[in-house]
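Remarks on the structure that follows.
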Amino acid sequence: MDVIELLPRLHLLRFPVGQAYLWRDGEELTLIDAGTIGAGPVIAEAVRALGRAPEDVRRIVLTHFHEDHVGGAGEFAALSGAEVLAHRLDAPFVRGEAPGPAPRLAEWELPIRAEVARHLPGGSPLPPPSVTEVTDGEVLGFGGGAQVVHVPGHTDGSIALHLPAEGVLFTGDTVAALPPEGVLSRGEPVPTDPVEHTLIPGVFNLDRPRLLDSVRRLADLGAEVACFGHGDPVLRGAAAELRRAAAM
Ligand SMILES: [Zn+2]
Ligand SMILES: [Zn+2]
């Protein structure tokens with residue numbers, strides 16, 4: 001796993017499939033998504049490498065129930081004591097009470113899906129000890145007040161997190177940047193000048209028309225920085241790029 005500093009308070013954790021983010025408020029950390037199965041101990045190691053203890057992570061906010069985002073949540077919660085939060089519509093699948101609904105794949109998505117599946121570890125995720133349910137408009141206690149934005153479409157209970165005080169938006173899989181594995185790598189400076197990104201509405205959705213409405217809603221938030229479940233973040237002028245993706 002690569003750990004890349006994006007902003008002084010924000011690190012990107014990149015797994016073989018998908019990404020998570022670590023946000024810091026003083027001594028306290030918040031993890032947004034938790035990687036694939038087996039990621040728990042790897043995240044703990046990354047937290048220690050940043051000079052903090054896993055117990056400093058107070059909460060794990062899950063953008064949706066897919067296994068490349070929740071795979072390590074139960075593992076990391078067990079070793080850190082962090083609270084796990086998810087939207088109420090996705091929470092039952094995070095708890096492992098039922099398998100989540102499969103995406104409705106378009107023909108062109110089938111080969112991409114097969115390629116992703118090749119990189120996912122087998123088995124089923126360790127369910128978190130408990131999951132706190134969140135709803136649209138709720139404000140969470142990190143990043144100066146993180147607003148939960150319900151963005152259904154990718155899954156019914158997909159959420160984004162908007163930190164208006166910081167101009168930062170976590171989109172989950174409602175938006176993706178190409179290439180999905182990203183090009184930023186550890187040890188290289190993160191470009192601060194505008195760079196060419198290709199943002200696309202998320203793939204592997206339950207309901208694409210609803211997803212497109214959600215992308216428009218995210219574009220309207222006017223965020224400067226946008227962080228995705230897959231692909232390199234946009235560190236400047238994110239809202240304009242999101243509007244372009246919304247118009248696709
Ligand atoms: Zn997903
Ligand atoms: Zn994903």
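Please treat every number below as a calculation from the coordinates, not as lab data. The structure displayed is predicted, hence computed values, not measured ones. Here the Cβ positions follow ideal geometry from the backbone for every residue, glycine too, while neighbour counts run over all protein chains shown.
Assorted remarks:
- The amide H of residue 140, built 1.01 Å from its N in the peptide plane, has 146, 147, 148 as neighbours under 5 Å, considering only residues 5 or more places off or on other chains.
- Cβ-derived FRET efficiency at R0 25 Å, residue 50 paired with residue 119, nearest 0.05: 0.45
- Taking every Cα-Cα distance in the chain and sorting them into 10 Å bins from zero, the calculated P(r) comes out as 8, 35, 41, 16, 1 percent.
- Computed E for residue 248/residue 5 - FRET, C-beta separation, R0 41 angstrom, nearest 0.05: 0.85
- Once both labels are positioned 7 Å from their Cα atoms along Cα-to-Cβ, the gap between residue 240 and residue 105 label points is 3.7 nm.
- Alpha-carbon centroid distance for the pair segment 35-59 / segment 74-151, whole angstrom: 17
- Base-10 log of normalised Debye intensity for segment 14-140 (one unit scatterer per alpha-carbon) at q = 0.10, 0.12, 0.15 Å⁻¹: -0.31, -0.44, -0.68
- Residue 25-residue 183 pseudo-label distance in nm [points 7 Å out on the Cα-to-Cβ vector]: 3.5
- Separation of segment 200-226 from segment 233-248 is 10 Å, based on Cα centroids.
- Per-residue Cβ neighbour counts within 10 Å put 29, 221 in the sequence 221, 29, beginning with the fewest.
- Amide H within-cut-off set for residue 25, under 5 Å, with H built and near neighbours excluded: 30
- Once each of the trypsin sites (Lys or Arg not before Pro) sitting in a DSSP loop with at most 11 other beta-carbon atoms within 10 Å is removed, the chain keeps 1-103 as its longest stretch.
- Summing Cβ point charges (Lys, Arg +1; Asp, Glu -1) relative to the Cα centre of segment 148-248 gives a dipole of roughly 240 debye.
- Each Lys or Arg adds one and each Asp or Glu subtracts one; over the other residues with Cβ under 14 Å from the Cβ of residue 103, this totals -4.
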